[in-house]
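Trainee: I'd like to ask some things about the structure below.
Since every read-out is calculated from the coordinates, none of them should be taken as a lab result. Keep in mind that what you see is a predicted model, and the values were worked out from it rather than measured. When we count neighbours, we look across all protein chains shown, and the Cβ atoms used for this are built from the backbone with ideal geometry, even at glycine.
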Amino acid sequence: MPKTARSGKAKQDEIPSTLQRSDEKAQRTFAKTYDSAMESYDGDEQRAARAAFAALKHTHEKVGDHWEPKEENGPSDRRAEGGGPDGDGPTAGGVDANASKKHLYDVASRLEISGRSKMTKDELVEAIGKENDRRSRKARESGS
């Protein structure tokens, strides 16, 4: 099922809930990439979704239960740098692991993650990822 309407906007009922709570550019990036990938990958929905999230992670980062524009476009983690699902290292799940420690600390502050001042950069990435997952799960359960 296409994720983009004829108008070029994302179909709200077709995109993930975290994107429904995100800006229009994030929604459009995901939807258009997904639709293009569906054509390229002969209807393989999982592969198309992975491609769409990969494109989204170049321009946006996951903060809590939604996606926000990144300060600088580019790959968000080592796997994205490797050019796809076979790249090196684990995915950071939407956290911009390539951002500065200060940026990650600021995100952790916004998410009210305790103990953040003593965390290493890798620990901040992991803690933000866990908090993002928790908030997304809570938002889905509450229906918002």
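Trainee: Relative to the Cα centre, what is the charge dipole magnitude of region 55-144, using +1 at the beta carbon of each Lys and Arg, -1 at the beta carbon of each Asp and Glu, and rounding to the nearest 20 debye? Present the calculation step by step, with values, prior to reporting the outcome.
Mentor: Details: 17 positive and 18 negative charges, 65 e Å.
With Lys and Arg at +1 and Asp and Glu at -1, about 300 debye.
Trainee: From zero up to wherever the largest Cα-Cα distance of the chain sits, split into 10 Å bins and tell me the percent of pairs in each.
Mentor: Percent of pairs per bin, in order: 12, 39, 36, 12, 1.
Trainee: Loop only by DSSP, 15 or fewer other Cβ within 10 Å of the Cβ. Give me the GluC sites (Glu not before Pro) in region 35-139 that pass, ordered by residue number. Each step should come with its number before you reach the end.
Mentor: Details: sites: E39, E45, E61, E71, E72, E81, E112, E123, E126, E131; in loops: E71, E72, E112.
Here the GluC sites (Glu not before Pro) that fit, given the DSSP loop and packing criteria, are E71, E72, E112.
Trainee: Report the semi-axes of the equivalent ellipsoid for region 47-126 in whole Å, largest first, where each axis is √(5λ) for an eigenvalue λ of the Cα gyration tensor.
Mentor: Working: eigenvalues 99, 36, 21 Å².
So the equivalent ellipsoid measures 22, 13, 10 Å along its semi-axes.
Trainee: Mind scanning K11/K130; K25/K101; K57/K118; K9/K57; K25/K70 and naming the pairs with a C-alpha gap bigger than 21 Å?
Mentor: K11/K130; K25/K101; K57/K118
Trainee: Next question. Compute log10 of I(q)/I(0) for region 87-128 with the Debye formula, placing one identical point scatterer on every Cα and leaving out solvent, at q = 0.14, 0.25, 0.35 Å⁻¹, to two decimals.
Mentor: Here the Debye-derived log intensity ratios amount to -0.27, -0.80, -1.41.
Trainee: Is region 1-85 rounded, prolate or oblate when judged by the Cα gyration tensor, a ≥ b ≥ c being the square roots of its eigenvalues, rounded requiring a/c under 1.5 and prolate requiring a/b larger than b/c? Each step should come with its number before you reach the end.
Mentor: Values: a/c = 1.95, a/b = 1.13, b/c = 1.73.
Cα axes put region 1-85 in the oblate bin.
Trainee: What does the charge count around S109 come to, taking other residues whose C-beta lies under 12 Å from its C-beta (Lys +1, Arg +1, Asp -1, Glu -1)?
Mentor: Working: positive: K102, R110, R116; negative: D106, E112, E131.
Cβ neighbours under 12 Å give a net charge of 0.
Trainee: If you don't mind, another one. Label-point separation (nm) for E141 and D42, each offset 7 Å from Cα along Cα-to-Cβ?
Mentor: 4.2 nm
Trainee: Here's something else I'd like to know. Based on the mean of other Cβ atoms within 10 Å per residue, sort peptides 13-20, 48-55 so the most packed one is first. Don't skip to the end; give the middle numbers.
Mentor: On the way: 13-20: 17.5, 48-55: 19.9.
So the order, starting with the most tightly packed, is 48-55, 13-20.
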